[in-house]
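The values are calculated or read from the model by the stated rules, or taken from the named source; none is laboratory data. Because the structure is a prediction, the values reported are computed rather than measured. So basically every Cβ, Gly included, is an ideal-geometry build from the backbone, and we count neighbours across all protein chains shown.
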Amino acid sequence: MEDKLIENLRKCPRFHSCSRNLCPLDFELAERSGSEGDKCRWMRNRTPGSRLFKNKLPDELLKYVPKENVERLNETSRKRWLEIKEENRIQEINK
């Protein structure tokens, strides 16, 4: 699992310069803890302890967000995540 996790985290263009503990691409995000400084640049804090993600994540990241983390995305990103998954499903069918 560790290899799969790192492989997914590396999909972020900021992976090599990022030292944040809370990332939308992390398969184990629900198990992570951290302070305000540990949040990915795509996160915001509406309420203390909240782990919501900023406005809209770019498609280049959304396509790698694990299903378990989709509920943490804002509405716009959740809708786009579903669209991307559907587009990928259709492409697979048409191959």
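Does Pro48 count as modelled with pLDDT of 90 or more and either surrounded by fewer than 17 Cβ atoms within 10 Å (Cβ to Cβ) or in a loop (DSSP other than H, G, I, E, B) (or both)?
For Pro48, the condition - modelled with pLDDT of 90 or more and either surrounded by fewer than 17 Cβ atoms within 10 Å (Cβ to Cβ) or in a loop (DSSP other than H, G, I, E, B) (or both) - is not met.
How many residues does segment 65-82 contain that are under 15 Å from Phe27 (Cβ atoms) and surrounded by fewer than 17 Cβ atoms within 10 Å (Cβ to Cβ)?
5
Considering (1) modelled with pLDDT of 90 or more; (2) of a type in the set (Lys, Arg); (3) assigned to a loop (DSSP other than H, G, I, E, B), say which one Lys4 fails and leave the rest.
(3)
Scan segment 12-37 for residues that are surrounded by 12 or more Cβ atoms within 10 Å (Cβ to Cβ) and farther than 15 Å from Lys67 by Cβ and jot them down.
Selection gives Cys12, Arg14, Phe15, Cys18, Arg20, Asn21, Leu22, Cys23, Arg32, Gly34.
Consider Asn55 against the criteria (1) at pLDDT below 85; (2) part of a helix (DSSP H, G or I): it satisfies all of them except one. Which criterion is unmet?
Going through (1) at pLDDT below 85; (2) part of a helix (DSSP H, G or I) one by one, Asn55 breaks only (2).
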